[in-house]
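Before any comments, here is the structure.
Nothing in this text is a laboratory measurement; each read-out follows from the coordinates by a stated rule. Just so we're clear, the structure is a prediction, and the values are computed from it rather than from any experiment. All Cβ positions, glycine included, derive from the backbone under ideal geometry; neighbour counts span all protein chains shown.
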Amino acid sequence: MPIDRDVFPDYPLSWQARALNGLLRGTLKPASSLLLRHRVAIDAAARLRGLGRLVPVRPPPHVSVAREEFGACGGEWVRAGRGLDEGGAVLYFHGGGYFSCSPRTHRPITWRLSAAAGRPVLALDYRQGPAHRLAGSLADAMGAYDLLLAGGRDPGGVLLAGDSAGGHLVLAALLALRDAGRPMPAAAICLSPWADLTDFVRANGWRDPLLPEGRVRWLARQWTLGLDPSDPLVSPVNGDYTGLPPLMIVTGSTEVLRDEARRVALKARAGGVPVDYEEWPRMPHVFPILADVLPEARLAFRHMAAFVEAVSDGRRSVR
């Protein structure tokens, strides 16, 4: 398949998606609007994050999960069965607004991504706010990439991937690696990336079934305090993407983050980067994490598998 393309899947909207959008709109969205108004809420969520590690999130029996400790943080290796390419890997950064969630909460993504990519996934438990700043998260991402290469993995077999804030971390890490003259990974996958932390009013404020637009802006102000919000490592949408590997960007048509995902695709293409941009109709934020219940989410992983295969075919053809 061609890598550089725009995809607007026209699958009929499932009844599961209709029901889930209504549920999110009536529960999590108003809860977020109410709670994300003071730093106390972030502090409380950070404390609950530690308790969340005690909650079992069990993938299917054929999936193995092994803890990895290194540097200032840790993570977990997720392997969806046997026969994976152990010479490669996917380095995954979970979302959560830089203050919540963990590799454990995102196992519904990481085990399926391991199967789709045919590689083990290293899900990074990077440092988050409020105790740490964006620079600490980026340092952890760079350190984990170093770990993979130091372990003998060819960067041509490594992919970066992440969702929401983790998608932000993917883009910032790619820009930082390029600027440092480091070997680049083969490709990257961003699910609903949060790419612009400047204080601007986004579209889809009413249509997004999950994220309140004003709360996204408020959270961005918390993490950019004392920083230049327009710096490409803070708002990757402002970066020069020349020299970066192929990107896949997946978003929902009604998300408040949709437009910055589009802008990243345009900036990357302007820098000569092939981009598989996929905008799924009426899908909520980071909908692939809901693959246990959403048929559209399961289809999205098939698209990711096709992207990874196309990248691999492209690399083989130039050898």
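State log₁₀ I(q)/I(0) for the range 207-297 at q = 0.11, 0.21, 0.25 Å⁻¹ as given by the Debye formula over alpha-carbon point scatterers of equal weight, solvent excluded. For the requested q values the scattering log ratios are -0.38, -1.11, -1.21.
Between Ala19 and Ser253, how high is the FRET efficiency from 1/(1 + (r/R0)^6) when r is the Cβ-Cβ distance and R₀ = 22 Å? Nearest 0.05. Could the numbers behind the result be given before it?
Details: r = 18 Å, r/R0 = 0.82.
For R0 = 22 Å, the calculated efficiency reads 0.75.
Taking every C-alpha pair closer than 8 Å and separated by at least 6 residues, the mean separation divided by the residue count of the range 5-317 gives a relative contact order of 20 percent. Computed from phi, the 3J(HN,Hα) profile of the range 172-181 under the Karplus parametrisation 6.51, -1.76, 1.60 (θ = phi - 60°) reads 5, 5, 4, 5, 5, 4, 4, 5, 8, x Hz, with x in place of Gly and Pro. Round to the nearest 0.05 the FRET efficiency obtained for Ser33 and Thr242 when R0 = 30 Å and r is the Cβ-Cβ distance. Using R0 = 30 Å, I get an efficiency of 0.15.
Hey, what's the per residue convex hull volume over the C-alpha atoms of the range 170-235, in cubic angstrom?
So the per-residue Cα hull volume is 92 Å³.
Here the Karplus curve 6.51 cos²θ - 1.76 cosθ + 1.60, taken at θ = phi - 60°, turns the phi angles of the range 260-276 into couplings of 6, 5, 4, 5, 4, 4, 5, 5, 5, 5, 5, x, x, 9, x, 10, 8 Hz, with x standing for Gly and Pro. Amide H contacts of Thr254 (H built 1.01 Å from N, in plane; Pro and chain starts excluded): Arg282, Met283 sit under 5 Å, all sequence-distant by 5 or more or on other chains.
Computed from phi, the 3J(HN,Hα) profile of the range 11-23 under the Karplus parametrisation 6.51, -1.76, 1.60 (θ = phi - 60°) reads 5, x, 5, 6, 5, 4, 5, 4, 5, 5, 4, x, 5 Hz, with x in place of Gly and Pro.
Can you pull the percent of Cα pairs in the range 113-203 with separation above 23 Å? Above the 23 Å cut-off, the range 113-203 has 23 percent of its Cα pairs. Would the range 220-266 count as rounded, prolate or oblate if I go by the C-alpha gyration tensor, calling it rounded below 1.5 in a/c and otherwise prolate when a/b exceeds b/c, oblate otherwise? The shape class here is oblate. Most tightly packed first, judged by the mean number of other beta-carbon atoms within 10 Å of their residues, the peptides 159-170, 210-221, 275-286, 144-155 read 159-170, 275-286, 210-221, 144-155. Here is how the number arises for the chain: DSSP H runs of 4 or more residues each give -39500 (n - 2.57), the sum is divided by the residue count, and the result at 222 nm is -12500 deg cm²/dmol. Distance between the pseudo-spin-label points of Asp10 and Arg298 (7 Å out from Cα toward the beta carbon): 2.4 nm. Every pair of different Cα atoms in the range 5-317 enters the Kirkwood calculation, which places the hydrodynamic radius at 19.3 Å.
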